[in-house]
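J.: Could you have a look at this structure, given as structure tokens, before my questions?
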Amino acid sequence: MGGDHAGERDGADPGGAGASLSAEDLPDGVVIADRTGRVVVFNRMAARLLRRPADSVLGRDFRDAFPLYDADGRNWWKCSDPYGGLRTRTRQPERTLFLADGREILMTARYVRDEPLGAVVRLVVTLRDASHRARWERSRADLVSTVAHELRSPLTSVKGFTATLLAKWGRLTEKQKIFMLETVNADADRVTRLITELLSVSRIESGRLEIRRQLVDLPDLARKLIAGRVAADEAEDRYRLEVHGPLPEMWLDADKIEQIMANLVENAVRHGAGTVTIVIEPHEGGAAVSVRDEGKGIAPEAVPRVFRRFWRSRRRGGTGLGLFIVKGLIEAHGGTITVCRAPSGGAEFRFTVPADTPEFA
Ligand SMILES: Nc1ncnc2c1ncn2[C@@H]1O[C@H](COP(=O)(O)OP(=O)(O)O)[C@@H](O)[C@H]1O
Ligand SMILES: [Mg+2]
């Protein structure tokens, strides 16, 4: 198909002198029908969205040229009746409609009348691909309901235990009180952690993540991370650190790299088993860090899902946001993360980050 899509030059546009001149340039599909309902403009994007060449549509009645249906399968043009209908109507706000093949499309229409309450002299319809937005909106809605659910369960326990403590304080043993207060305390921590993580998610999704680069000693960072866990009463021999070869000077956001490693190690301990090995090595001018464990690993069919929000294979107290955030933080550094089977059997998360240069360079 060449440039003869639009039918915009041959004066077949009685109502709108020149109005269609830029229709081809618009990012949306544009269809214009004249006062009789014949299609006079059908731009390239409309042809693409409706999967119809312009010459099969131009000159035909718009109702036959591109039928649209509402969610109940009713013919939209019949329902809305642009040329009949109320004379006060000048437009249709954006709505999701369906094409004959079931694809969703966002449609907006304007009813141009040459005088108020006059007859429609031109119907201008813009069309936009809705699949992207529909997917996005669904994931938004899922997010809201998941977050609500995640917040509700710890709050339910906080509420239940504080109510019990208040109502039965005198009748509870010291041990019962301590147990309830500990649970409340842990649940409050969980809510706080969840909210902190949600804020990270929101920063990642809106692209507001700021990377403050400084010289980072990756092996040193790993060593401190392990020391911290050992100080918190974990067995020292559960961890191993391997550093291969000289690393280049790495300019990274130290806090975020620490957060990434801490998350991966925490996962290896919590979801994996056996020895947790951190391997740090040079990689394409930057560095690669692998965190391996000896647990069950990640099932191959779950691999594409592990980095998604709220994905977790079993409920083990986590939020399912950790790896999503880790991936976002790594990508903000220009790096990548993958998961595979570790040589020792468990999961191996490996990320690479470019060495980069200081911000001012
Ligand atoms: N080292 C690992 N071994 C096995 N499964 C893992 C490992 N790391 C992560 N997973 C799986 O991936 C899921 C998502 O991890 P993550 O996003 O950190 O969420 P969370 O740790 O809060 O559950 C985990 O729930 C777990 O099922
Ligand atoms: Mg985690």
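The values are calculated or read from the model by the stated rules, or taken from the named source; none is laboratory data. The structure presented is a predicted model; accordingly, all values stated were derived computationally and were not measured. All Cβ positions, glycine included, derive from the backbone under ideal geometry; neighbour counts span all protein chains shown.
J.: All but one of (1) closer than 30 Å to residue 142 by Cα; (2) touching a residue at least 40 places away in the same chain (Cβ under 8 Å); (3) in contact with a Pro (Cβ under 8 Å, 6 or more places away or on another chain); (4) surrounded by fewer than 21 Cβ atoms within 10 Å (Cβ to Cβ) hold for residue 266, so report the exception by its number.
T.: Result: residue 266 fails condition (3) only.
J.: Let me ask another. Report yes if residue 109 is modelled with pLDDT of 90 or more, of a type in the set (Gly, Ala, Ser) and either in the same structural domain as residue 201 (by TED's automatic domain parsing) or within 19 Å of residue 37 (Cβ to Cβ) (or both), otherwise no.
T.: Yes, satisfied.
J.: Separate question: Give segment 281-301 a look and list any residue that's surrounded by fewer than 22 Cβ atoms within 10 Å (Cβ to Cβ), at negative phi, touching a residue at least 60 places away in the same chain (Cβ under 8 Å) and not polar (S, T, N, Q), or say none.
T.: Across segment 281-301, the qualifying residues are 283, 286, 288.
J.: Only residues in segment 323-344 that are assigned by TED's automatic domain parsing to the domain that holds residue 306 count as the first member; pair them with residues that are of a type in the set (Lys, Arg) and near ligand 1 (Cβ under 10 Å from one of its atoms), Cβ under 6 angstrom, at least 6 apart or cross-chain, and list the lot.
T.: 324/309; 337/327; 342/292
J.: Exactly one condition in (1) farther than 30 Å from residue 183 by Cβ; (2) more than 13 Å from ligand 2 (Cβ to nearest atom) is not met by residue 276; state its number.
T.: It fails just one condition, (1).
J.: Next up: In segment 296-326, what residues are at pLDDT 85 or above and either of a type in the set (Phe, Trp, Tyr) or within 12 Å of ligand 2 (Cβ to nearest atom) (or both)?
T.: The answer is 306, 307, 321, 322, 323, 324, 325, 326.
J.: Further, regarding this structure: Output the strands (runs of 3 or more DSSP E) that fall wholly within segment 174-261 and possess 1 or more residues being at pLDDT 95 or above and of a type in the set (Lys, Arg), or say none. Full working, then the answer.
T.: Numbers: elements: 214-216, 239-243, 250-252.
In segment 174-261, 239-243 are the strands (runs of 3 or more DSSP E) which contain 1 or more residues that are at pLDDT 95 or above and of a type in the set (Lys, Arg).
J.: Name the pairs whose Cβ atoms lie under 6 Å apart, with the first residue in segment 154-166 and free of Cβ contacts under 8 Å to residues at least 12 places away in the same chain, the second exposed (fewer than 13 other Cβ atoms within 10 Å of the Cβ) and not in a helix (DSSP H, G or I), and 6 or more positions between them or separate chains?
T.: That search, which allows pairs on different chains as well, returns nothing.
J.: OK, next. Looking at (1) in contact with a helix residue (DSSP H, G or I) (Cβ under 6 Å, 6 or more places away or on another chain); (2) under 20 Å from residue 321 (Cα atoms), which is the one condition that is false for residue 241?
T.: (2)
J.: Hey, among the residues in segment 198-224 that are touching a helix residue (DSSP H, G or I) at 6+ places or on another chain (Cβ under 6 Å) and β-branched (Val, Ile, Thr), which one's surrounded by the fewest Cβ atoms within 10 Å (Cβ to Cβ)?
T.: Filtering first and then ranking leaves 211.
J.: Sticking with this structure for a sec: Any idea which of 147, 125 is surrounded by 15 or more Cβ atoms within 10 Å (Cβ to Cβ) and not in a helix (DSSP H, G or I)?
T.: On the way: 147 fails: not in a helix (DSSP H, G or I).
Answer to the selection: 125.
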